[in-house]
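Worksheet for the structure shown next.
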Amino acid sequence: MRIPLLCGALLLVAGCSSGTDTGAATLAPPLTPLTPVPSASAGVTTTSPTSRTAVPTAAPAAGTDEAAVAAWIDAGTRSDPDKFHTATRDGVATTLHEGVAFTTPGGQAQCMTDPKLGDGVLSCLLRLSDPAPRPIGSEGQWVPGWVDFTGTQINVGSLHADPGPFSVGAGPELPLGSALEFGDYRCRSDAAGLFCVNHAHQTAVKFSEAGIEPFGCLQRVDAPVDVGAKYSC
């Protein structure tokens, strides 16, 4: 009698256990695996914007693309434009107001802008190792190192009745490696020479004792009788 009762009890327990498992499977749906989220220290790769033009490590050589020349000039140490609005002659300083004046170390180049001579003209006086001769049949004072850069044209050597804007003297020194921005221009002083870019016209020029070196669309063209050399786009 005890054996049948024991078997019945075992069957009852087994039946209850089976029913409980079935209910648990019904009430608890299968878990969805979680997608691991990378931590900040998991080496997440980020992309930073890069310049389209590589910046030359040395002063641009002849034939360098204008964009590379501009990038090199822009990489110079920024100078405060407010410090370059005066010119000094014989100890007398003259305020240029909207004009800008600066000189490269050693006085190799003296540059100035004068709104009275026309907006956007950068004029420089260079000490040239081999200046152009005076044009035949020309009258007036021949200044072979006078350079006018407008962005679309460069005139090297010209006739003048007076010193023009340079009558007030020279501007402060622009140290080597320094860059000065004014109007559409930015210039950088370097041991190889003075480099200036006109961002509006995407042209540039190098001033040195050897003369000038144009960049961009500027090409040598026939010069008028009162100009030593002319470059134009």
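The values are calculated or read from the model by the stated rules, or taken from the named source; none is laboratory data. Worth saying up front: this structure is predicted, and the values here are computed from it rather than measured. When we count neighbours, we look across all protein chains shown, and the Cβ atoms used for this are built from the backbone with ideal geometry, even at glycine.
Considering only residues that are of a type in the set (A, V, I, L, M, F, W, C) and part of a loop (DSSP other than H, G, I, E, B), look in region 130-159 and name the one that is farthest from residue 66 (Cα to Cα).
Checking each candidate, the answer is 136.
For region 85-109, which positions are surrounded by 15 or more Cβ atoms within 10 Å (Cβ to Cβ), in contact (Cβ under 8 Å) with a residue 24 or more places away in the chain and over 13 Å from residue 178 (Cα atoms)?
Within region 85-109, 86, 87, 88, 94, 96, 99, 100, 101, 108, 109 meet the criteria.
Given region 160-212, what strands (runs of 3 or more DSSP E) lie entirely inside it while holding 2 or more residues that are polar (S, T, N, Q), modelled with pLDDT of 95 or more and within 24 Å of the chain's Cα centre (by Cα)?
203-208
Yes/no matrix, rows are residues, columns are (1) within 24 Å of residue 75 (Cα to Cα); (2) surrounded by fewer than 16 Cβ atoms within 10 Å (Cβ to Cβ):
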position: 149; (1), (2): yes, no
position: 157; (1), (2): no, no
position: 167; (1), (2): no, yes
position: 180; (1), (2): yes, no
position: 185; (1), (2): yes, no
position: 190; (1), (2): yes, no
position: 223; (1), (2): no, no
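So how many residues does region 120-157 have that are free of Cβ contacts under 8 Å to residues at least 60 places away in the same chain and closer than 20 Å to residue 100 by Cα?
9
Can we say residue 177 is out of contact with any Pro (no Cβ under 6 Å at 6 or more places or on another chain), on the phi > 0 side of the Ramachandran plot and small (Gly, Ala, Ser)?
It is true that residue 177 is out of contact with any Pro (no Cβ under 6 Å at 6 or more places or on another chain), on the phi > 0 side of the Ramachandran plot and small (Gly, Ala, Ser).
Please verify whether residue 61 is at pLDDT 90 or above, closer than 24 Å to residue 184 by Cα, surrounded by fewer than 18 Cβ atoms within 10 Å (Cβ to Cβ) and not hydroxyl-bearing (Ser, Thr, Tyr), treating the condition exactly as stated.
Considered against the rule, which asks whether it is at pLDDT 90 or above, closer than 24 Å to residue 184 by Cα, surrounded by fewer than 18 Cβ atoms within 10 Å (Cβ to Cβ) and not hydroxyl-bearing (Ser, Thr, Tyr), residue 61 comes out as yes.
Every residue in region 215-233 that is in contact with a Lys or Arg (Cβ under 8 Å, 6 or more places away or on another chain) and not hydroxyl-bearing (Ser, Thr, Tyr), please.
215, 220, 221, 222, 223, 224, 229, 230
Please determine whether any residue of region 115-128 is hydrophobic (A, V, I, L, M, F, W, C), over 17 Å from residue 206 (Cβ atoms) and part of a strand (DSSP E or B).
Checked region 115-128: no residue is hydrophobic (A, V, I, L, M, F, W, C), over 17 Å from residue 206 (Cβ atoms) and part of a strand (DSSP E or B).
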